[in-house]
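Have a look at the structure below before the remarks.
The values are calculated or read from the model by the stated rules, or taken from the named source; none is laboratory data. What you see is a predicted model, and the numbers here were worked out from it, not measured in a lab. Every residue, glycine among them, receives a Cβ derived from its backbone with ideal geometry; neighbour counts consider all protein chains shown. With ligands, DNA and RNA removed, areas are computed over all heavy atoms of the protein, side chains included. Shrake-Rupley method; radii C 1.70, N 1.55, O 1.52, S 1.80 Å.
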Amino acid sequence: MTRTRSPLYFALRRFADNKAAVVSALILGVILLMAIFAPLITPTGYADQAYLTEGLAFPSAQHWMGVDDLGRDFFTRIVYGARVSLSIGFSAALFAVLIGIPLGAIAGFYGGWADWFVMRLIELFSVVPPLLAAMLLGALTNGGFFTIVLIASLFGWVQVCLLVRAQVKAFREKEFVRAAQALGASPGYIIRRHLIPNSISPIIVGFVLAIPLAMMLEASLSFLGIGVPPPVPSWGQMINVGMNFMYFYWHLAVFPTLALAVTVLATTLLGDGLRDALDPTMKGR
């Protein structure tokens with residue numbers, strides 16, 4: 001008797017074959033664990049000026065990433081900066097999904113004027129540069145964690161919405177949807193119980209791919225001085241300060257730049273790997 005493999009089995013096998021995605025998942029997992037357990041792996045608090053006499057010291061066995069200009073251990077600042085960047089990335093991605101799912105489902109299921117309205121809304125958010133809009137709103141509200149999450153969510157839902165819309169349009173003429181309609185199921189019930197659950201793959205992909213976009217936006221705003229206010233560490237803010245010392249104390253700019261680049265790259269490659277693994281057109285390969 002032939003054993004039937006589940007779609008999840010094939011998705012996991014495709015993901016495991018993607019070495020870049022697997023390595024990215026491991027790297028992102030390590031960064032997440034470091035951010036969560038920061039107090040256990042760092043020698044001081046992120047704002048503790050415990051090494052004033054060693055200010056601007058280069059990396060050493062005692063200070064793996066050196067000391068900043070205010071006498072704070074730079075490795076500690078980098079690790080706590082991961083908390084800020086990842087918190088903003090995940091929070092903004094979550095809100096982007098919560099906005100994009102219903103709009104994409106409504107546009108894909110109803111079509112007509114509903115689809116026209118959602119697509120015009122998408123065009124509006126697509127033509128406005130996110131950074132310029134973020135700079136304006138950030139300057140009006142003095143920045144901060146919640147402002148950045150709000151701004152990133154407002155511009156991150158577009159991709160999720162398009163993915164869900166395409167999936168719902170592909171499924172709305174399927175037999176199980178027609179059967180539900182014949183049995184008297186309401187459109188809202190069909191969307192909640194049939195179409196959105198069958199769109200979980202693009203939702204997961206959209207969620208993961210929204211994370212690096214939010215992180216880059218946060219880093220850009222913090223670099224410009226309207227992001228997360230000090231002394232809370234942010235990689236963008238640290239890069240901004242480090243640029244002032246770049247020619248003499250390279251570590252103050254290089255390490256936060258590397259941390260941001262590695263995290264964004266790992267998250268992007270993970271999202272690409274999940275998209276390929278969950279692609280239903282590759283089912284059974």
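Computing the accessible area with a 1.4 Å probe over protein heavy atoms, can you report the carbon and sulfur percentage for the range 1-157?
72 percent
May I ask you to order 123-131, 235-243, 42-50 by the average number of other C-beta atoms within 10 Å around their residues, highest value first?
235-243, 42-50, 123-131
Which order do peptides 23-32, 251-260 fall in by mean Cβ count within 10 Å, highest first?
Per-residue Cβ counts within 10 Å, averaged per peptide and sorted highest first, yield 251-260, 23-32.
Compare Arg77, Arg72 by solvent-accessible area with a 1.4 Å probe and give them largest first, with all protein chains kept in place.
Details: Arg77 10, Arg72 30 Å².
Ranked from most to least accessible, the order is Arg72, Arg77.
Just want the answer: with Cβ charges of +1 for Lys and Arg and -1 for Asp and Glu, which residue in Ala134, Val264, Ala47 is farthest toward the dipole's positive end in the chain?
Among Ala134, Val264, Ala47, the one farthest towards the positive end of the dipole of the chain is Val264.
Treating only the Cβ atoms of Lys and Arg (+1) and Asp and Glu (-1) as charged, compute the dipole magnitude of the chain about its Cα centre; round to the nearest 20 debye.
Computed about the Cα centre, the dipole is about 1400 debye.
Per residue, how much accessible area does the chain have with a 1.4 Å probe, in Å²?
Values: 14870 Å² over 285 residues.
For the chain, the solvent-accessible area averages 52 Å² per residue.
Give, in nm to one decimal, the length gained when the segment between Leu258 and Val128 is fully stretched (0.36 nm per residue of separation minus the Cα-Cα distance). Don't jump to the answer; show the numbers that get you there.
Working: separation 130, 0.36 × 130 = 46.80 nm, distance 2.88 nm.
Value of the extension gain: 43.9 nm.
Please give the contour-minus-distance gain from Trp64 to Arg192: 0.36 nm per residue of separation, less the Cα-Cα distance, rounded to one decimal in nm. Walk me through the numbers before you get to the answer.
Details: separation 128, 0.36 × 128 = 46.08 nm, distance 5.06 nm.
Gain on extension, Trp64 to Arg192, equals 41.0 nm.
Could you tell me what percent of the accessible area of the range 168-285 is made up of carbon and sulfur, with a 1.4 Å probe and every protein chain present?
66 percent
Dipole of the chain (Lys/Arg Cβ +1, Asp/Glu Cβ -1, origin at the Cα centre): which of Tyr249, Ala82, Gln62 lies farthest to the positive side?
Result: Ala82.
Given the rule -39500 (n - 2.57) for each run of at least 4 DSSP H residues, summed and divided by the residues of the chain, what is its mean residue ellipticity at 222 nm, to the nearest 500 deg cm²/dmol?
Calculated at 222 nm, the ellipticity per residue is -23000 deg cm²/dmol.
How much accessible surface area, in Å² rounded to 10, belongs to the heavy atoms of Ile101 with a 1.4 Å probe?
Counting only protein heavy atoms, Ile101 exposes about 30 Å² to solvent.
Quick one: length gained pulling Lys174 to Leu56 fully straight, 0.36 nm per residue minus the C-alpha distance? Walk me through the numbers on the way to the answer.
On the way: separation 118, 0.36 × 118 = 42.48 nm, distance 6.41 nm.
Stretched out fully, the Lys174 to Leu56 stretch lengthens by 36.1 nm.
Hey, with R₀ at 35 Å, roughly what FRET efficiency would Ala185 and Val22 work out to, going by the Cβ-Cβ distance, to 0.05?
0.30
For the peptides 194-200, 154-160, what is the packing order when you average, over each peptide's residues, the other Cβ atoms within 10 Å and list the highest mean first?
For the peptides 194-200, 154-160, the packing ranking is 154-160, 194-200.
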